[in-house]
1. Give region 24-65 a look and list any residue that's over 17 Å from residue 133 (Cβ atoms), more than 20 Å from the chain's Cα centre (by Cα) and of a type in the set (A, V, I, L, M), or say none.
2. With respect to residue 117, determine if the residue is of a type in the set (A, V, I, L, M, F, W, C), more than 15 Å from residue 56 (Cα to Cα) and modelled with pLDDT of 95 or more.
3. Just one of 95, 106, 135 is at pLDDT 95 or above, under 15 Å from the mean Cα position of the chain (by Cα) and among the hydrophobic types (A, V, I, L, M, F, W, C); which is it?
4. Answer yes or no as to whether residue 152 is at pLDDT below 85 and among the β-branched types (Val, Ile, Thr).
5. On the given criteria, is residue 122 within 12 Å of the chain's Cα centre (by Cα), modelled with pLDDT under 95, surrounded by fewer than 23 Cβ atoms within 10 Å (Cβ to Cβ) and not β-branched (Val, Ile, Thr)?
6. Just need a number here: residues in region 8-33 that are under 28 Å from residue 91 (Cα atoms) and assigned to a loop (DSSP other than H, G, I, E, B).
7. Quick one: count up the residues across region 1-41 that are exposed (fewer than 14 other Cβ atoms within 10 Å of the Cβ), among the aliphatic types (A, V, I, L, M) and under 25 Å from residue 231 (Cβ atoms).
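The values are calculated or read from the model by the stated rules, or taken from the named source; none is laboratory data. Remember, it's a predicted structure, so these values are computed and weren't measured experimentally. We place every Cβ from the backbone using ideal geometry, glycine too, and count neighbours over all the protein chains shown.
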Amino acid sequence: MTQERIDLPDPIVDKSGKGTGGMEYKILGSTMQVVVCEIDPSESIISQSGGMAWMSGNIQMNTNMNGGLGGVFRRMLTGESLFVAEYNAVGSRGIISFASDFPGKIIPVHLNAGQEVIVQKQAFLCAEKSIQYDIHLQRKLGAGFFGGEGFIMEKLKGPGVAFVAFDGEIIEYTLQANQVLKVDTGHVAMIEPTVSMDIEMVRGFKNVLFGGEGLFLTTLRGPGRIWLQTMPMTALAQSIAQYLPQATASNSSVNLGNLFND
């Protein structure tokens, strides 16, 4: 008796495209996405160490300290892995995939030579080897302390395609010169370098006490494009925390007398 073949439905293809060197990619899924890249032997994909989900048998991995000790120090500041993994296809075309570890969207960022974007910490997933990865320091103390994004962000510079993972859905706005958008902390996913970031304190005594929005808002001033995420990881964690059981003195302590009498 032959067994019936199990055929699962094909995953949703959210986006697809090509890189600068012939690499082809597909972003699959809806809430927990994965990017699958097809590369030739002449191409390389880089990612933080531990980011790979699956790969074909002819993909070779080489882990190194890309950028030397300076690169290691910069990645340490952003919370990324200290080492960079480089993947190459050997002999023939191969596939390699990278999955997000949080509900949200994987975004392909196509950058021309010299073009840059600033993204939130730990958003970088993988990229063509031609992409330059570095840190971006907030120049304004207020934005660094209270803006929710911290002093350290990540900078990606072209040419090439980079993939970044953001939380929830992504909304894009284009700000004109001196146009301002006020954003609750944690919702800023990516900005162009021409956009300035600062913070302002919520005004009004009643707003501070009862508004529920915190003391500070991030202000983004144009010109330039901005990308906002709808579900910051910190906001989701706070929402879930209220439903988790709380440890109390009665159930968290251990009766040492009973332990030694057994």
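1. Within region 24-65, 39, 55, 59, 61 meet the criteria.
2. Yes; evaluated as a whole, the condition is true for this residue.
3. None of the other options fit; the residue is 106.
4. It is true that residue 152 is at pLDDT below 85 and among the β-branched types (Val, Ile, Thr).
5. yes
6. Going through region 8-33 one residue at a time, the tally reaches 5.
7. Here the count works out to 3.
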